[in-house]
Amino acid sequence: MMWEFWQPTEVTVLMPDLMAVEAGPAATVGYFLLDRAAGQAWVVDVPMGSAEQYVALARQYGVRISRILLTHGHWDHIADAAVLQRETGAPIAIHRADAYRLSDPVELRLWQLPLPFEAVEAAEFLEHGQHLSSGTAWELEVRHTPGHTEGGICLVEHRRRCLFSGDTLFAGSIGRTDLPGGELQQLLRSIAQQLLSLPDDFRVYPGHGPPTTIGKERRENPFVRGEVG
């Protein structure tokens, strides 16, 4: 079923082995992390309507999707998680504090929109400081960044000097904190301690909007400018 407010799915190649997939009514951005040598790919967040595109990318590059990583449990980031899990058999990973959000996405979404959602279960709970290796291409460090939700995380790739920030940090803004589980001062602490502690040249790939850098946000973001760890 189509909806008038639907955003067409768009794929942007950010690096030869990194694609952004923007989809769903909230224009949510998920990411396809390709590891050709290992014959696999990881997905970071699964917006509504993105599962088909992720599967198509996996087919295009001749790899299997082996892991589904969720930065947090809000509906627009998990809407197609059940679909993608069913299509690929890939396990779903999320921070334990947000796992409850997967069980009833209809009840916990902000707007009571006439959209289909499926409950799904996590196979893995991500922990702060945990390191995830895809094989050769990707090494992600999990950083717990509560404040937008209780179990929000960012994924840092030190070798590539980039991170996936979910709804913690955006270009010129931060995640909203007026929803259940949100708290402004906690989010600002998370950003200051876990993100602004990184060097300025680290590229930030957020869950909405364009990429940015830590340095640009440190200098120009009105919400975090002047924050220190």
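The values are calculated or read from the model by the stated rules, or taken from the named source; none is laboratory data. All values reported here derive from a predicted model rather than from experimental measurement. Note: ideal-geometry Cβ built from the backbone for every residue, glycine included; neighbour counts use all protein chains shown.
Answer yes or no: is there a residue in segment 102-118 that is touching a strand residue (DSSP E or B) at 6+ places or on another chain (Cβ under 8 Å), part of a helix (DSSP H, G or I) and at pLDDT below 95. Yes, there is a match, as at least one residue in segment 102-118 is touching a strand residue (DSSP E or B) at 6+ places or on another chain (Cβ under 8 Å), part of a helix (DSSP H, G or I) and at pLDDT below 95. So if I check each of Pro180, Pro199, which one is more than 24 Å from Gly73 (Cβ to Cβ), surrounded by fewer than 19 Cβ atoms within 10 Å (Cβ to Cβ) and out of contact with any Leu (no Cβ under 7 Å at 6 or more places or on another chain)? Testing whether each residue is more than 24 Å from Gly73 (Cβ to Cβ), surrounded by fewer than 19 Cβ atoms within 10 Å (Cβ to Cβ) and out of contact with any Leu (no Cβ under 7 Å at 6 or more places or on another chain) leaves just Pro199. Of the strands (runs of 3 or more DSSP E) entirely within segment 8-56, those holding at least 1 residues that are without any contact (Cβ under 8 Å) to a residue 40 or more places away in the chain, crowded, with 23+ Cβ neighbours inside 10 Å and under 13 Å from the mean Cα position of the chain (by Cα) occupy 18-23, 28-35. The residue that is farthest from Ala192 (Cα to Cα), counting only those in segment 141-151 that are out of contact with any Gly (no Cβ under 6 Å at 6 or more places or on another chain) and assigned to a loop (DSSP other than H, G, I, E, B), is Gly151. Of all the numbered requirements in (1) buried (at least 21 other Cβ atoms within 10 Å of the Cβ); (2) modelled with pLDDT under 95, Gln194 misses one, and that requirement is (2). Each residue in segment 161-180 was checked for being in a loop (DSSP other than H, G, I, E, B) and touching a residue at least 40 places away in the same chain (Cβ under 8 Å), and 7 pass.
On the given criteria, is Glu217 surrounded by 21 or more Cβ atoms within 10 Å (Cβ to Cβ) and over 18 Å from the mean Cα position of the chain (by Cα)?
Answer is yes for this residue.
Suppose the filter is crowded, with 20+ Cβ neighbours inside 10 Å and over 16 Å from the mean Cα position of the chain (by Cα); does Val83 pass it? Against the criterion (crowded, with 20+ Cβ neighbours inside 10 Å and over 16 Å from the mean Cα position of the chain (by Cα)), Val83 qualifies.
Residues in segment 142-160 that are out of contact with any Cys (no Cβ under 6 Å at 6 or more places or on another chain), over 17 Å from Asp35 (Cα atoms) and of a type outside the set (Gly, Ala, Ser): Val142, His144, Pro146, His148, Thr149, Glu150, Ile153, Cys154. Would it be correct to say that Val224 is in a strand (DSSP E or B), more than 28 Å from Arg86 (Cβ to Cβ) and in contact (Cβ under 8 Å) with a residue 40 or more places away in the chain? Criteria not met by Val224. Based on this model, can you work out whether Leu188 counts as within 17 Å of His72 (Cβ to Cβ), in contact (Cβ under 8 Å) with a residue 40 or more places away in the chain and over 17 Å from the mean Cα position of the chain (by Cα)? Here the answer is yes, as Leu188 does meet what is asked.
I'd like to check something: does segment 121-140 contain any residue that is in a loop (DSSP other than H, G, I, E, B), touching a Gly at 6+ places or on another chain (Cβ under 9 Å) and without any contact (Cβ under 8 Å) to a residue 24 or more places away in the chain? Looking for residues that are in a loop (DSSP other than H, G, I, E, B), touching a Gly at 6+ places or on another chain (Cβ under 9 Å) and without any contact (Cβ under 8 Å) to a residue 24 or more places away in the chain, one finds none in segment 121-140, hence no.
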